[in-house]
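Asks: The structure follows.
Quick note: the coordinates plus some simple rules give every number you see, no bench work behind them. Computed from a prediction, not measured in an experiment: that's the story for all the values here. Note that each Cβ is placed from the backbone with ideal geometry, even for glycine, and that neighbours are counted across all protein chains shown.
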Ligand SMILES: Cc1cc2nc3c(=O)[nH]c(=O)nc-3n(C[C@H](O)[C@H](O)[C@H](O)COP(=O)(O)OP(=O)(O)OC[C@H]3O[C@@H](n4cnc5c(N)ncnc54)[C@H](O)[C@@H]3O)c2cc1C
């Protein structure tokens, strides 16, 4: 059976903070709810918050020291994880825009009349404007050495897909995510070691840095600075971890959790025809790509230093201002 082609003014790919903010901005600009659709591959919105944020995690407005200055219609202060999800829930509900869940987008193409066609499963969506807001964590960054297949269920990239209690756990990484995982795992009664290749913990925000240093002082966490994991192997029920430093004599853990960040889905964006400058997509100040009518928003625009929720909101606001100026889909002046 041929795929159905559905017509919209605006298709938003990804229902994370950026995609949701895009919807709010579009509605504030008078785009009718029925002319917008959001396609989300997960079974619920804000999947990264649900999957990667540990329970009880405070959601910081100035995450990674990124200025917490809201430039669009959405804004958060410091909140809990649940409050953040409730806020985003309400934004979607109030917008009256349909979010289609379980709708992974695998291609975007340009028609001869320059309209864009988005493909998700057997459905096709045609629109004048498409915003890609799929974040960078769909495929978390993996270490350069291979992970033996037999260790698959003992090597994780988040702390929510399995309950981890009363275990010996190694966390690899040195940013906010790694330090937040350590705090959460200690709180859950695990014996935790953090391995970071740097000489100092300079990447986490001051709250996370101070919290893990305090855990170390209290003997609840061991921090291995200037340590480089070079490989993993199975040792019975345990994972034996090899370090390049000979002083670290292949310790064993019940599990290893990597918190190495994510990568821009470069192949996906290049397949759409988006031009790159080196590792980053070429973007206008309002996050327009080299493909007319195609914008990026959120973490995808943030480069190596990574983004925040407020930054995601702001990129959506900037993109929408440009969309209103150039693409004639807004009914209220901005
Ligand atoms: C552990 C952790 C803690 C953090 N803590 C904070 C904090 O305290 N404060 C803060 O401001 N920021 C924090 N951040 C950063 C913040 O979560 C991100 O900057 C923000 O989520 C980026 O929003 P986004 O919409 O660009 O992308 P994402 O949140 O990654 O959302 C992308 C959405 O797109 C969907 N998607 C992906 N691929 C496809 C596809 N092909 N088709 C359809 N849908 C797709 C995903 O399922 C997802 O729902 C944290 C991040 C992590 C990992």
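Asks: Using only Cα atoms, tell me the angle between helix 176-187 and the longest principal axis of the chain; keep it within 0 to 90° and round to the nearest 10.
Replies: Roughly 50 degrees between the two axes.
Asks: Something else: Determine the gain in length on full extension of the stretch residue 113-residue 141; use 0.36 nm per residue of separation and subtract their C-alpha separation, reporting nm with one decimal.
Replies: Once the chain is fully extended between residue 113 and residue 141, it gains 6.3 nm.
Asks: Going by a ≥ b ≥ c, the root eigenvalues of the Cα gyration tensor, does segment 180-259 fall in the rounded group (a/c under 1.5), the prolate group (a/b larger than b/c) or the oblate group?
Replies: Taking the square roots of the gyration eigenvalues as a ≥ b ≥ c, segment 180-259 is oblate.
Asks: Further question: Just to be sure I understand: if I project the alpha-carbon convex hull of segment 223-281 onto a plane and average over all orientations, what area do I get in nm²?
Replies: One quarter of the hull surface, i.e. the mean projection, equals 6.4 nm².
Asks: What's the angle, to the nearest 10 degrees (0 to 90), between helix 17-28's Cα axis and the longest principal axis of the chain?
Replies: That works out to roughly 20 degrees.
Asks: If you don't mind, another one. What does the extension gain come out to for residue 275 and residue 163, with contour length at 0.36 nm per residue minus their alpha carbon separation?
Replies: This chain segment gains 36.2 nm when fully extended.
Asks: A further question on this structure: Kindly express, to the nearest 10 degrees and within the range 0 to 90, the angle between helix 206-217's C-alpha long axis and the longest C-alpha principal axis of the chain.
Replies: That helix lies at roughly 20 degrees to the long axis.
Asks: Ok, one more. Antiparallel as a % of all DSSP beta bridges within segment 1-145, to the nearest 5?
Replies: Percentage antiparallel, nearest 5: 45.
Asks: Same structure, new question: Kirkwood hydrodynamic radius, computed over distinct alpha-carbon pairs, for the chain: how many Å, to one decimal?
Replies: In the chain this quantity evaluates to 21.2 Å.
Asks: Next question. Between residue 50 and residue 89, how many nm apart are label points set 7 Å from Cα along the C-beta direction?
Replies: 1.1 nm
Asks: Modelling each spin label as a point 7 Å along the Cα-to-Cβ direction, I'd like the residue 230/residue 98 distance in nm, to one decimal.
Replies: Simple spin-label model gives 5.6 nm for this pair.
Asks: What shape does segment 81-154 have by the C-alpha gyration tensor, where a ≥ b ≥ c are the square roots of the eigenvalues, rounded means a/c under 1.5, and otherwise prolate means a/b greater than b/c and oblate the rest?
Replies: oblate
Asks: For residue 123 and residue 199, compute 0.36 nm times the residue count separating them, minus their Cα-Cα distance, and round to one decimal in nm.
Replies: In short, 22.3 nm is gained.
Asks: At residue 4 and residue 214, where each label point lies 7 Å from the Cα along Cα→Cβ, what is the point-to-point distance in nanometres?
Replies: Roughly 5.4 nm, to one decimal.
Asks: Related question: Does a label point 7 Å from the Cα of residue 260, set along Cα-to-beta-carbon, have any residues of segment 118-162 with amide nitrogen under 14 Å, and which are they?
Replies: Answer for segment 118-162: 139-148, 155-158.
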